[in-house]
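First the structure, in the form of structure tokens, and then the observations on it.
The values are calculated or read from the model by the stated rules, or taken from the named source; none is laboratory data. Note that the structure is predicted; figures quoted are calculated from it, not measured. For neighbour counting, all protein chains shown are included, and Cβ atoms are generated from backbone atoms with ideal geometry for every residue, glycine included.
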Amino acid sequence: MRKWILPFAIIALTVFQLTILGYFKIWQVKPDLLLTCMVMTSLIFSFDWKRAISFSIFSGALKDIFYANNFGINTLVFTLWSIAILKVSKNISIDNNFNRAILICVIAILNNIIIRLIFLFLGNPVVSLGIFLGIAILESLYTALVSPLVFKIIKPAVTL
């Protein structure tokens, strides 16, 4: 029974991001809770690659389903991020909220850049570089600021 709590927590955060979080936008930007879930589950399950990657695929698939992106991009990128986090977490201590927030901020900025490059390669229209960088940096900072709250939701779901 308890193995279903974490997927439901991730789904609840997805619904929260799609609905209520829209009221807490700063300059039309809101945090990426699914990216935060992917990073947190990768850190929590750093000893179990299979579970970490499966929750990364789950988070990426949810983002692909509910957002108007080309399907599969977030699933693929989240899986690659999870593998990178699993490798890095063996060498670097990421055990406090500050280090996690920095990691999430860096990953969020790089994730936005990677997604933009993929869209450019696929020929999808994108905004100008200056606007994009402003949005990417603000979204990354906002995501990093809310990451300790997401960790407080995810961590109990794993340790039950």
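See the values below:
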read-out: Filter result (of a type in the set (A, V, I, L, M, F, W, C) and over 26 Å from ARG51 (Cβ atoms)) within the stretch 10-24; value: ILE20, LEU21, PHE24
read-out: Residue satisfying all of: in the stretch 13-58; assigned to a helix (DSSP H, G or I) and charged (D, E, K, R); surrounded by the fewest Cβ atoms within 10 Å (Cβ to Cβ) among these; value: LYS50
read-out: Residue satisfying all of: in the stretch 109-160; exposed (fewer than 11 other Cβ atoms within 10 Å of the Cβ) and polar (S, T, N, Q); modelled with the highest pLDDT among these; value: SER128
read-out: Residue match in the stretch 74-90 (condition: at pLDDT below 85, in contact with a strand residue (DSSP E or B) (Cβ under 9 Å, 6 or more places away or on another chain) and hydrophobic (A, V, I, L, M, F, W, C)); value: no
read-out: Any chance PHE47 is more than 16 Å from the chain's Cα centre (by Cα) and more than 27 Å from LEU120 (Cα to Cα); value: yes
read-out: Selection status of PHE78, over 13 Å from the mean Cα position of the chain (by Cα) and either without any contact (Cβ under 8 Å) to a residue 24 or more places away in the chain or surrounded by 13 or more Cβ atoms within 10 Å (Cβ to Cβ) (or both); value: no
